[in-house]
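What follows is one structure encoded as structure tokens, with my remarks underneath.
The values are calculated or read from the model by the stated rules, or taken from the named source; none is laboratory data. The structure presented is a predicted model; accordingly, all values stated were derived computationally and were not measured. Every residue, glycine as well, gets a Cβ built from its backbone with ideal geometry; the counts of neighbours run over all protein chains shown. Note: accessible area is taken over every heavy atom of the protein model, side chains too, but ligands, DNA and RNA are not part of it. Shrake-Rupley method; radii C 1.70, N 1.55, O 1.52, S 1.80 Å.
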Amino acid sequence: MNLIINGKPEQLPDGITAAQLIEQLGLADQRLAMEVNREIVPRSAFPRYTFKPGDQIEVYERYEVAREL
């Protein structure tokens with residue numbers, strides 16, 4: 001499935017969850033925020049949140065979130 005992650009096209013398996021993506025990115029133990037199509041996805045929803053082809057995903061690590069404020 002084609003997704004856009006932090007502005008870059010990526011090919012990922014169908015049915016991947018937000019939690020699996022974060023694990024794959026090596027960020028499972030990090031404080032972060034995630035937007036999908038400009039909507040915040042709560043961290044509590046990561047294990048059950050699945051992506052759709054073409055979703056635009058932004059992952060903000062803690063330092064990026066603080067810098068944005």
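Details
- Residues located in region 33-66, provided they are modelled with pLDDT under 95 and charged (D, E, K, R): 43, 61, 62, 64
- Selection of region 15-56 for residues being assigned to a strand (DSSP E or B) and touching a residue at least 40 places away in the same chain (Cβ under 8 Å) yields only 56.
- Restricting attention to region 13-57, the residues that are among the aliphatic types (A, V, I, L, M) and open to solvent by 70 Å² or more (accessible area, probe 1.4 Å) add up to 2.
- Evaluation of residue 10 against the conditions (1) assigned to a strand (DSSP E or B); (2) surrounded by 15 or more Cβ atoms within 10 Å (Cβ to Cβ) shows that the sole unmet condition is (2).
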